[in-house]
Amino acid sequence: VKFDSGVLLLSTHRLIWRDQKNHECCIAIPLSQIVFIEEQAAGIGKSAKIVVHLHPASSNKEPGPFQNSKYSYIKLSFKEHGQIEFYRRLSEEITQRRWENMPTGQTIQVNKDPQAGRIRAVGIVGIERKLEEKRKETDKNISEAFEDLSKLMEKAKEMVELSKSIANKIKEKQGDITEDETIRFKSYLLSMGIANPVTRETYGSGTHYHMQLAKQLAGILQTPLEERGGIMSLTEVYCLVNRARGLELLSPEDLVNACKMLESLKLPLRLRIFDSGVMVIELQSHNEEEMVASALETVSEKGSLTADEFAKLVGMSVLLAKERLLLAEKMGHLCRDDSVEGLRFYPNLFLTQS
Amino acid sequence: LRQAKYKERGTVLAEDQLAQMSKQLDMFKTNLEEFASKHKQEIRKNPEFRVQFQDMCATIGVDPLASGKGFWSEMLGVGDFYYELGVQIIEVCLALKHRNGGLITLEELHQQVLKGRGKFAQDVSQDDLLRAIKKLKVLGNGFGIIPVGGTYLIQSVPAELNMDHTVVLQLAEKKGYVTVSEIRSSLKWETERAKQVLEHLLKEGMAWLDTQAAGEPQYWLPALFTELYSQEITPEEAKEGIP
């Protein structure tokens, strides 16, 4: 019978063998079945063994690998070690016969039949064992992962030190470094995720990557911008672009740094930052100040409007609607009425009527 | 002539170091690839491992989420995980903004994001959300993290919230609402100061006024009481989120 390479477990009630590779394969014998055991010493070409002599199988035996066999014993072969210790403990258990007076631990079965109850509870012990094994294995994996991670971080730290020393050299030379070298340096920082020690920006903008990205964005965003009245918040852009990509997404910083280059690359879009800190992308052809004029008309028609109302009327996001109204106010076209009912804008009659 | 020689020397030195960095970078990339082939799964599946990883990076001065083009992102896939999470966070916040004025508890955000991700998506922890939000700040949409009573309120609108507002939010966190008297007794403020703060929260839509309450008016924070009901995001609300 070939049950090779496994782990032998001894409980107060059973002898369990589990295949080391295939954890699903698990067989067990109740200790009550054991008549006696004997040792067989190892020899040349032979491993140490324990021979377990068994009672004939009882009629209500659980289904196992074999319904019956012509042998009345099984042999446990210890290829590596453990035979002596195991023999000792197995003898102990057989002598003590603890299974006779111990109700097995966690019985969830309410069934009063002691035989059935015992079998069910023992099953739970088996499951618990499996979980314990799995936990130990997971722990081993994790600790290996952490070890590897620590080593990796050591190396990363060296990179950080090196970049600092290069940055110092650059400072000392006071701008004697070529533009090419600067770009190279910045792209190295980008790869490692190191903040630019010279300018303090995270990994520095102005790398080739960001230039490429800026050009790409100009292409991707043209139509969506036109569809949205020429202006979109950076948050909208972030979602739009990343949803379209699916993979290899842009980080928020990638997006911002690329957008900062739009104007200098003479692309048809530009980045604009409002007083509130809200960042938007506009078409070059878009003129927010002109839009303010039409906003004023809309507000005048309605007498007064909140950002919410204006947004619904015009079909804009509330965020951008508010920015437009605020800009109009800044330019003096609108007045605000700030109450607990909300922020409402009115045409600035002080200006128009004198 | 001497000056020129010194200058040249200087350039050569930098060139050398850059060359050295380039070589070390290649080596590091290989190490990282090896690490990824063994443990990439760990990062994806294990939130605690992610925390450790992030903390270690921070300690040595490295930001693995700075760029999608960085090694960390490309090889470990950390980038995509967090950037996508960012998109999901934005969408949830936008959808619920009209209900809570742009303030939401981390718990509710967590729940809604998990719902949106579906049954088969990777598990996402609150720590993951916080890291993604920190990255989103740079987009200028007013993302902020406000500590209250052991958890956090996430702000997603560019409203000015100073120390006074924050402290009142923290006070309100216990019961979901706060009154002027409570502010006066707990914080020892003048009525005027308390009222100013509460009015600001009302205007921003972050607080609702209950004038029918017994005793004095109560200022409720929808961000705090919707957590009890955990309502679904309606289709209309979801549309608000998608550009």
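Tabulated data
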| read-out | value |
| --- | --- |
| Sequence ranges B:89-96, A:328-335, ranked by mean other-Cβ count within 10 angstrom, highest first | B:89-96, A:328-335 |
| Spatially close lysines, pair count over segment A:221-354: Cα under 21 Å, gap of eight or more or interchain | 5 |
| ³J(HN,Hα), Karplus 6.51/-1.76/1.60, whole Hz, each residue of segment A:276-285, x for Gly, Pro | 6, x, 5, 10, 10, 10, 10, 5, 4, 6 |
| ³J(HN,Hα), Karplus 6.51/-1.76/1.60, whole Hz, each residue of segment B:54-65, x for Gly, Pro | 4, 4, 4, 4, 4, 4, 8, x, 10, 10, x, 9 |
| 5 angstrom amide H check on B:G142, placed H, neighbours 5+ away | none |
| Exercise: per-residue mean of other protein chain Cβ atoms within 10 Å, B:76-84 | 4 |
| Averaged over B:28-37, number of beta-carbon atoms from partner chains that fall within 10 Å | 3 |
| Packing-based ranking, highest mean first, of B:63-73, A:8-18, B:22-32 given that Cβ atoms within 10 Å are counted | B:63-73, A:8-18, B:22-32 |
| Cut-off under 5 Å, modelled amide H: who pairs with A:L269 long-range | A:Q284 |
| Sequence-distant residues sharing a close amide H with A:C335 (under 5 Å, placed H) | A:Y346, A:N348 |
| On Cα atoms only, tilt of B:78-100 relative to the major axis of chain B in degrees | 20 |
| Sorted peptide list for A:129-137, B:54-62, A:245-253, criterion being average Cβ within 10 angstrom, highest first | A:245-253, B:54-62, A:129-137 |
| Other protein chain Cβ atoms within 10 Å, averaged over every residue that makes up A:154-164 | 5 |
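Only the coordinates and a few stated rules stand behind these numbers; no lab work does. Please read these numbers as outputs of a predicted model, since none were measured by experiment. Cβ coordinates were reconstructed from backbone atoms using ideal geometry, including for glycine residues, and neighbour counts include every protein chain displayed.
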